[in-house]
Amino acid sequence: DITWGAGGSTADLSLDLALHMHQTGHVANMHLTCTNMDVSIIRDALQKCLDGGIRNIVALRGDPPEGQSEWTATDGGFTCALDLVKYIRSEFGNDFGIAVAGYPEGHPNAITDLKTEEEVESMSEAERKRCSVINGVTAVCRDEDYRKEMDYLKEKVDAGADVIITQMFFDPEVFVNWVRDCREWGIDCPIIPGLMCINAYAGFRKMVGFCKTRVPPALEEKMESLKDDKDAVKQFGIDYGAEVCQRLLDSGACGLHFYTLNLEKVVYGTLDKLGISDGLLEKSNEKDAASMIAMGSAWAKKGDTVKSSSGEGTVVEIKADGSAVVEIGGRTHELAKGSYEKLGNAV
């Protein structure tokens, strides 16, 4: 899979990488977002994919562009992934296989923080099975919003999506229940679970908070017990990853989709443990892990905490070219786009 930066910030690089993958004998699956994107740019990217032999597109709305906390559409542009699916089918027919995103716990924008004990107590049985508790706050996609999410997913499939790849989750039962609901909604296409490997305690906490992901009590307890032992966390990531994958495969999942973050060790170990591969773990090499920084430092905005070679600090300003003015140790530094990594959200 080749991801597409927010607002098309990595458009040329993403396309070049996808084409290189195809030319070297790999099956490229290129993500394409319509966030803050002119329709002509999207059409040009699709045409280049078609001409270059790429046939798999993941159609997404995408994240807000750098420096923005909310998503907005461009004039005459697309407003959602459904628009993008419809456009691809209308302009290119069946030339592409189209994947879309699914959210077993509900899209983060559809998840509500419950502010009172009465709200928590009022949750339905289904809500209790998909809710999360982060820093003492219970969050859940309420049943009414969940139904809207399912209706929208069905629209994407009816418009021409061939397959669904899900958002990350750590509770396999959430996925199993959600797939059952999809089938009851008449969503009959293949559904591939999206799996975020546990590579490090800090990264685990960051993604759980960002996506408001449910963490089963046993997993919560285990991660807390291992948080100061990075090697033990990675080994547990392999063990837990294999356990979750086996449960999903036993439930009928047609495949597995790993969000690797360019780190292979836990994925290789998981595949070895499942018996899908043999000896991959021995070939892993993560000496370059420290240099793995999201291109464009997606999602960073004023007030966020970021890390760079100059140290950790707070974003004071995001400029139009993606560079950031960051206060570090009482002094301001201007950091080039792609040279800083977001660590935490503005308070």
Task: Share, in percent, of DSSP beta bridges within the chain that are antiparallel, nearest 5 - done: 50 percent
Open item on the list: Rounded to whole Å, give me the distance from the Cα center of segment 188-248 to that of segment 15-30.
Closed with: 29 Å
Task: For the chain, size of Cβ-based charge dipole, Lys and Arg +1, Asp and Glu -1, in debye - done: 400 debye
TODO: Calculate, in nm to one decimal, what VAL137 and SER124 gain on full extension: separation in residues at 0.36 nm each, minus their alpha carbon distance.
DONE: 3.0 nm
Open item on the list: Quick check: the distance between the Cα centres of segment 259-276 and segment 86-154, to the nearest angstrom?
Closed with: 27 Å
Open item on the list: How large is the accessible surface of LYS273 in square angstrom, using a 1.4 angstrom probe and rounding to the nearest 10?
Closed with: 120 Å²
TODO: Name the residues whose placed amide hydrogens come within less than 5 Å of the amide hydrogen of GLY102, ignoring near sequence neighbours (fewer than 5 apart) on the same chain.
DONE: ILE165, THR166, GLN167
- [ ] Indicate the helices, whole DSSP H runs only, in the chain that combine a mean Kyte-Doolittle hydropathy of -0.5 or more with a Cα extent along their long axis of 15 angstrom or more.
- [x] 11-23, 39-52, 81-92, 201-211, 230-250
TODO: Just read off the accessible area of THR3 with the full protein assembly in place, 1.4 Å probe, to the nearest 10 Å².
DONE: 90 Å²
Open item on the list: I'd like to know how segment 147-228 sits against the 2.2 N^0.38 Å rule of thumb: what's its Cα Rg over that expected value?
Closed with: 1.29
Open item on the list: If you take every DSSP beta bridge fully contained in segment 110-195, what fraction is antiparallel? Give it as a percent rounded to 5.
Closed with: 65 percent
- [ ] Take the chain, connect every pair of alpha-carbon atoms lying under 10 Å apart with a spring to form a Gaussian network, then pick out the residue of ARG43, ARG180, ARG331 with the largest mean-square fluctuation.
- [x] ARG331
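Determine the per residue accessible area of the chain with all protein chains present and a 1.4 angstrom probe, expressed in square angstrom.
50 Å²
All other residues with a Cβ under 10 Å from the Cβ of ASP113 taken together, and with Lys, Arg as +1 and Asp, Glu as -1, what is their net charge?
Working: positive: LYS115, LYS212; negative: GLU119.
After counting each charged neighbour, the total is +1.
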Task: Theoretical FRET efficiency, 1/(1+(r/R0)^6), r = Cβ-Cβ of ALA218 and LYS287, R0 22 Å, to 0.05 - done: 0.10
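With all protein chains present, how much of the accessible area of segment 75-184 (probe radius 1.4 Å) comes from carbon and sulfur, to the nearest whole percent?
Exposed carbon and sulfur together represent 45 percent of the surface.
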- [ ] Can you spot the aspartates and glutamates whose alpha carbon is less than 19 Å from LYS154's alpha carbon? Ignore those fewer than 8 places along the same chain.
- [x] ASP83, GLU105, ASP143, GLU144, ASP145, ASP162, ASP181, GLU184, ASP188
Task: Cα radius of gyration and Dmax for segment 194-234 (Å) - done: 9.8, 27
- [ ] Counting residues in the chain as N, plug N into 2.2 N^0.38 Å and put the Cα Rg over that result.
- [x] 1.00
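The values are calculated or read from the model by the stated rules, or taken from the named source; none is laboratory data. Keep in mind it's a predicted model, so treat the numbers as computed, not measured. Virtual Cβ from ideal backbone geometry, glycine too; neighbours counted across all protein chains shown. Surface accessibility is based on the protein's heavy atoms, side chains included, excluding ligands, DNA and RNA. Shrake-Rupley method; radii C 1.70, N 1.55, O 1.52, S 1.80 Å.
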